Each structure stands twice: as C-alpha cells, then as structure tokens.
Amino acid sequence: MKKIFFFLLLFTTLGYSQTTLPLIPHPKEMQLGSGNFTINKATFFLSKDKNNNEIALFNSFLLNKYGYELNVETKSKSNDNSISISVENPADTTSEKYELTITPTQIIIKSIGNKGVFYAFQTLIQLLPANKFKEAEAPCLTIKDEPKFKWRGMHLDVSRHFFAVDFIKKYIDYLAMYKMNTFHWHLTDDQGWRIEILQYPRLTQLGSIRFKSMIGHYSEQRFDDKTYRGFYTQEEIKDVVAYAQQRHVTIIPEIEMPGHAMAALAAYPQYSCTGGPFDVGTKWGNYDDVFCPKEETFQFLQEILDEVMVLFPSEYIHIGGDECSKVRWKSCSNCQALMQREGLTDEMQLQSYFITRMGQFLNAYGKKLIGWDEILEGGLGPNATVMSWRGTEGGIVAAKENHDVIMSPGSHCYFDHYQGDPKHEPLAFGGYATVEKVYSFNPIPAELTAEEGKHILGAQGNVWTEYINTPQEVEYMAMPRMAALSEVVWGTSKPSDYANFQTRLIKHFDVLDRMSVNYSKSIFQITSNVAPAKTGKGVEFTLKSAYGNKGVYYTTNGDAPSLQSKEYDGPFIITESSTLKAAYFEGTKQKGVVIEQPVLITQSTGKAITLVTAPHQSYAIGGKFTLVDGMRGSMQKFSRDWLGFLGNDLNATIDLGVVTTVSKVTVDVLQSTGSWIHYPKSIEVFLSNDGVKFKSVKLVSDKEISNQKGSVVMPFPKENAKFIKVIAKKIDKIPVGSPGEGSPAWLFADEIMVE
C-alpha cells in the first residue's frame, strides 16, 4: 500500500554532534568513527536477494524522502558506494541481532536473519538528515546491537473508540520505528465488538453499535446522544496483519472473556446467565452480566476463536480474563451445578475453570493463552502467560510459579494516565506516568531470582481509549512515552542518566513535527519537587525544566511570572499559604505554559509522617510526604497528588515536632466508583504527646464523609498534642450495584491538614 510510506521511520541527526546521536532505542554497543558515508543516486545495494523485503521498504523511504530508489545488485566488481547486506540464514525468524558498519566508502549490514536487517535500516534512517537533499550523509560508526527482551509491545483499545485501518497502520509504523515488535489489538469489550466473525454476524451487526457514550469524566455521569459504530472486516484485518508482518510486528488479538462481554451478549444474549435482553455498554467500567460457563457458551467462544486463529498467525491469543463480576454466577443454576459437578469451592475457581478450558482449546491448535493478572485467581492452568497490570505483584507470583509474564503495570505502562500537570492536560483516566517515570521502569522485579527472571518476556505500554476519541489524541497520549518504553524493552535504558535520553528525545521532536505527529510536549512543563524544609517550618520547592534551570522565573504571590520576577537559582522555602507560579523564558519570550500550584501551609505541612501500610505502587508518586506537602489533589483529576491504597486502611501518624494546641483536622479523600475508588467507611483522629498512648478525639462516618464530598473537616475541643494519628478505614468490598462489585476497593487520600 503506497499511501502509508516508510517515512514514519524518519529519525535523523541533522546538525547533531556525533557524541549525542539521537538514536532511540540506544544501541547496545556503538563505536564512533570519523567522516561520513554519502548516499546518492549512484549508491547501490549489494545483496544475494534482489527481492529482499527490507531493501524494498528502505527504498520506499528513499523514494519518498529523497526522490529516488537504489538499484539492487547481486555482485559487483567494487564495493565502493554500496550498502552491503549479508544475511547468514534468511530462513531464521527469531534472531534480532545486527551489525551496522558505516565507513566513508561503504555501509555494511550483517545479521543472522532478516529481522536484524530491518532493525539495522531503522538505525540507519535515524542517522540520515531530515531535510530533502539529493544526497544524504550518515556518520561513520560501528554498531553491534540486539534487544534484551523478546516482548516489546504496545497496546491499543479500539472498543471504546474505533480507529480506521489507515491509523492502525500508522500506529504499527510507530512501533516499527522504535524497534518494538508486538501490537496488542484490543478488539472487544463491553462498549463495542470490532472484529467481523462470519459464523456470528450479529456480533458486528448489533455488537459494534452503541447508542450513546459517556462524555466528561465517569464521575459526572454525562452522555451524548450519538450512535457510535465501527468494526474491521476480515479482509481489513488480513491487510493489517500482512502490513505488520512486513515490519516484523506481531499482532496479538484480544477477545475478552468471561467478563467485559456486554457487546457480545447484546448480540447473543443466550450465552449469558439470565438470557437478557442487553444493550451494548454505554458507560465506561464493568458490568455484572458476563459469559455463562455452560457448554453452548464454550462452543460459541471456540467457534469465534477458530476464525480469530485463522486471521492472526501469532503464537499468542489474548483472552482478557480481567475484572469479571461473579454476581450472576452466584445465582445461576447452571454455574452452581457446574461447580458442584467439578468440585469447585467458589466462583474464583469457576473463573479458573473457564480460563483453563479456553487455554486447553488454544493449546490444541498450537496457540498460547495470555490473560491479565486476574487469571491467577483460583489457580492458573498450564501454558498460560500472565500480563501483569495491577502492579508487578501478579507477574512476580506467576514467574515464581514458572509462568511466562509480560509486565504492564499501571504505575509505569498505562499511557491513558496523565503525563504532565493535569491542569494543562486533556482529561485522562487518572494516575501519573511521566516520560521520566516510564523510562525508569525495570521489567524484571528485584524479588525474582535470575532463573525466575527468565520468565519475564518483556513489557508493554497500554493505551485505553475511554477518554481518547481521535487518532490525534492517541498520538498525544502514546508519544513520546512509547519512545521511552522502547529503550526500556530494548534493554539499553539508563534511568540514572535520564538527561542523556531527554537530550536525544528533544532532538527527535523536530522530526516528529515534520511528520505532523501530535506528540505531547509535557516534558517541557516545569516540574516541582517538594521536600520538608530543613528549618522545620514549611516546605522546600525545587523546580526543574527540560531546558535547564536558567531562564526559569517564578512568583509566590499569585502574579504571572515575567522577566521581572525572581529567577530560579536553587531550592526555596514556602512558609505561608500562597500560590506558586513559574515559567520558562527563552530570551524575552515565554516558552511553554505557566505552572500554577496553590500551597496551603498548616501545622502539619512539611512535618514528619509515618504510614503503617505503604500505598500501592501505582499511586505513590510522592510517597507518604504527599499527605503533608501542602498541595491538595483535584477531586476531578486523581493523579500525582493522591496516594492510593488497595485492600488496606490509611493509618498515618504526623509528628508536629513540639507539643501544639490543635482543634481541627481536615482530610481529603476521593470517590470515583467507575474506577473502583470509594470513600472510606470511617475516619478517626487520635492525639498523643508521646507517640505511644493515643486518645480518640473525633470519628466521622461514611455518611458524613459523603455529605462533605470528600474534603472531610473534623473539629474537636482544643487539646495539646505532639502526634496526630489519622485512620481512614476502607470499605470491605465494593458494594452491590457498583462497578467491580465484590472486589477490593481503592481508598484514595491526599492532604492531612492540622489546625
């Protein structure tokens, strides 16, 4: 297909120093030489295979970029001005190793199989100038390169919002440009069935259409009145799969089961527990109606997978397996009879039975099952691979049980989370995953032995699209975090030298601009780190800019920063409630947005704090100090200013330093039921002078917490105390009628303010 050229792989070094060649991912080994090789119309390929796919793709790039293609010769009297391709074993489909040598007279590419040739060309393209010249110079160097991880992936949800084939191909090109090799295509969910199944036409006739969609955040419960539709025909899928194969990208389809099934059940309600009728899901989140594990359901799903396996030649098929409500199963006579017949003690084991059966079916056809980490619940069948998203814990458990794992924790790999200050970002699901945080990720947890670590296949970034409507928005959320993750999974990331990666990344942005990629510029936002003031009063702010700290001006009186404001020259202390504003100026011109941060100073601000239980790693950006850093989280955008606890109470003790008269404690807690976040069932305040004996002075119930909409003010008679303890007790389980019913609920808390 000519209209999507290989030009998407346009990384370049126009005008760059060779010591900072902006290669992403950075090669495993690189030795710089002197001089350049010039590609011109007289340059030719020297290859035994005149029809080499990789040469054809590189020629497409040259034609689009420079206006000419190079001839392919199988032998030549001279190697001068040639690009020599040497493939040890063209039949090899596994090796990704390559060597790239550039001298003033020749480019030499060596590899075991053609994958290595493909990646060598990606590196070469990154070394060529971006502007359209008739000749292109590449710096002389020697590279020996290969990836660390087998699975280097990106995901895209097309159920909540549908994206046309042209954009899917463009997305695949982005993966190829970063040497990523796996595209996880999330094709079905409650809100839409997006793949044509010939034997079951109503899946797309009915299941691909919803009659309204949520707008704004889930908590607002607002809907439009627009019919939303879209699906891929089998011919379109074959076309996309072939396109990806040319670029050595494997597509992993996801067909959700047993939960996230409303779109399928709207078309075929007989495979539910109740018989319906159902509508395609219009709300984000989960539903109680799921596939009923009866024989006719298994037959239905197996016949669907029969067609899916023909379309996708991948070794793996993803079946979801996450967030499956057990409510209908508990009252279903079919389910209860099956449990009794199979000796299953609870619905968790019934889910395991379901997953195991589907895994055995796939195994019989030479396929392997992948599921999200919930498939561990109730026991995991043999040959199943776990995709760990609720942190890394599920992956650790699976690896210790000798199951293969793909790490994809929400803390680092969910690209529907905020990547900059939420005040300046489009509405997102929540969470906070900056480019730097993504780059810091290590897919192999320290808890694993070297042998257990071999089960970590790699990592994957996920783009869920509840709040992402257009291709441009997908690009904004994925780029440039995809670039950071690509270096992580290639195995050459160095979090301690993030500045080097950032320098290379910024140089790439000119090229992305020429490609009209709608990438996020959030790394240019000034960020602030907050720490306790060494004086014991207030908090210490450190500002950071991607351009360097010179040129950053700030105010603390609420005025807009200007060149007449104070120029940042190091950490400063705020001791009174105020509003910090800062901006970067290049010369006389402001560049980027003004950051604005209200700071509330109370008796607890900046003080020492301890927690009985640490927050979940997915929501622990600032650690325990978040609760006393003077910055209150937004009730609409739960991101970096919130700590999240899953299955645990908040139990915090603040040391005021000296005995102080206190009469009020205010605690911010959050509720967003669609995200499984619920108010605590109670909050209690205790006082102590010695940190050992505590006296309860205030207890508020869930009703009072709800009435105050999460900003819970708790006055009490004046008392003297040195230590303040706050215990917010989680609800036991998510209540009936709420998304995730019966599952552990999240408890989100932010500032604890003592007055």
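The values are calculated or read from the model by the stated rules, or taken from the named source; none is laboratory data. Predicted model, so just to flag it, every value in this text is computed and none were measured. Note that we place each Cβ from the backbone using ideal geometry, even for glycine, and neighbour counts take in every protein chain shown. In case anyone asks, the SASA skips ligands and DNA or RNA and just uses the protein heavy atoms, side chains included. Shrake-Rupley method; radii C 1.70, N 1.55, O 1.52, S 1.80 Å.
Descriptive notes on the structure:
- Backbone phi angles across region 570-581, fed through the Karplus curve with coefficients 6.51, -1.76 and 1.60 (θ = phi - 60°), yield HN-Hα couplings of x, x, 9, 10, 10, 10, 10, 4, 6, 10, 7, 10 Hz in residue order; Gly and Pro are listed as x.
- Spin-label zone in region 261-288 - amide nitrogen under 18 Å from a point set 7 Å from the Cα of residue 227 along the C-beta vector: 263, 266-267, 278-282
- By the Stokes-Einstein formula, at 0.890 mPa s and 25 °C, region 478-550 with its Kirkwood radius over alpha-carbon pairs has D equal to 170 µm²/s.
- Proximal charge balance of residue 275 [Cβ under 15 Å; K/R count +1, D/E count -1]: -2
- Hull volume per residue, based on the alpha-carbon atoms of region 627-755 and their convex hull, is 98 Å³.
- Probe 1.4 Å, protein heavy atoms only - accessible area per residue of the chain in square angstrom: 38
- Estimated FRET transfer efficiency (residue 696, residue 537; beta-carbon r; R0 30 Å; 0.05): 0.60
- Simple rule: put +1 on each Lys or Arg Cβ and -1 on each Asp or Glu Cβ in region 407-516, find the dipole, and look at 502, 420, 474; the Cα lying farthest toward the positive end is 502.
- Residue-count net charge about residue 457 - beta-carbon cut-off 10 Å; Lys, Arg +1, Asp, Glu -1: +2
- Heavy-atom accessible area with a 1.4 Å probe sorts 210, 328, 229, largest first, into 229, 328, 210.
- Overall, the accessible surface of the chain at a probe of 1.4 angstrom is composed of carbon and sulfur to the extent of 49 percent.
- For residue 309, the solvent-accessible surface computed with a 1.4 Å probe is close to 20 Å², ligands and nucleic acids excluded.
- Fraction of beta bridges assigned by DSSP in the chain that are antiparallel (%, nearest 5): 65
- Where N is the number of residues in region 414-537, Cα Rg divided by 2.2 N^0.38 Å: 1.20
- Of the beta bridges in region 113-250, as assigned by DSSP with both residues counted there, near 40 percent are antiparallel.
- Magnitude of the charge dipole for region 615-671, about its Cα centre and with charges confined to Cβ atoms of Lys, Arg (+1) and Asp, Glu (-1), is about 140 debye.
- For region 121-185: Kirkwood Rh in Å [reciprocal of mean 1/r, alpha carbons]: 14.5
- Coarse-grained scattering of region 234-311 at q = 0.11, 0.19, 0.26 Å⁻¹, given as base-10 log I(q)/I(0) from a Debye sum over alpha-carbon atoms: -0.38, -0.85, -1.15
- Once Rg and the Kirkwood radius are both taken over the C-alpha atoms of region 49-99, their ratio Rg/Rh works out to 0.99.
- Across every pair of non-identical alpha carbons in region 709-753, the mean reciprocal distance, once inverted, gives a Kirkwood radius of 13.6 Å.
- For the chain, a crude dipole built from +1 on the beta carbon of Lys and Arg and -1 on the beta carbon of Asp and Glu, taken about the Cα centre, is about 1340 debye to the nearest 20.
- Inter-label distance for residue 238 and residue 64, nm, one decimal - labels placed 7 Å from Cα along Cα-to-Cβ: 2.5
- Extension gain, residue 346 back to residue 513 (0.36 nm per residue minus Cα-Cα distance, nm): 54.6 nm
- Global dimensions of region 356-438 from alpha-carbon coordinates: Rg and Dmax equal 16.0, 51 Å.
- Rounded to the nearest 10 Å², the accessible area of residue 427 at probe 1.4 Å: 60
- With the whole protein complex present, residue 516 retains an accessible surface near 90 Å², based on a 1.4 Å probe.
- Value of Rg to Rh for region 53-196, rounded to two decimals, is 1.05; Kirkwood radius and Rg both from alpha-carbon coordinates.
- Using a Förster distance of 30 Å, the FRET efficiency for residue 649-residue 521 (Cβ separation, nearest 0.05): 0.15
- Tail fraction, Cα-Cα pairs, the chain, threshold 38 Å, whole percent: 44
- Ranked order, 473, 29, 88 - accessible area, probe 1.4 Å, largest first: 88, 29, 473
- At R0 = 45 Å, FRET efficiency that the Cβ-Cβ distance of residue 454 and residue 575 yields, to 0.05: 0.30
- Largest-first ordering by accessible area, 1.4 Å probe, given options 152, 390, 222: 222, 390, 152
- With the simple model of a label 7 Å out from the Cα in the direction of the Cβ, residue 544 to residue 658 spans 3.4 nm.
- Positive-end extreme of charge dipole, the chain - chosen from 42, 344, 243 (charges on Cβ): 42
- Stretching the chain fully between residue 333 and residue 363 yields a gain of 7.8 nm (0.36 nm per residue, less the alpha carbon separation).
- Normalised by residue count, region 173-311 yields a Cα convex hull volume of 124 Å³ per residue.
- Here's the picture: a label point sits 7 Å out from the Cα of residue 586 along the beta-carbon direction, and within region 125-145 nothing has its amide nitrogen under 17 Å of it.
- Normalised by 2.2 N^0.38 Å, with N the number of residues, the alpha-carbon radius of gyration of region 294-341 equals 1.48.
- With q set to 0.22 Å⁻¹, the log10 of I(q)/I(0) for region 40-137, from the Debye formula over equal scatterers at the Cα positions, is -1.22.
- Projecting the Cα atoms of 126, 74, 455 onto the dipole axis of the chain, where Lys and Arg carry +1 and Asp and Glu carry -1 at the beta carbon, places 126 farthest toward the positive end.
- Cysteines, the chain, no other Cys beta-carbon under 4.7 Å: 140, 324, 413
- Model label points for residue 732 and residue 38, set 7 angstrom from Cα along the Cα-to-Cβ axis, are 8.0 nm apart.
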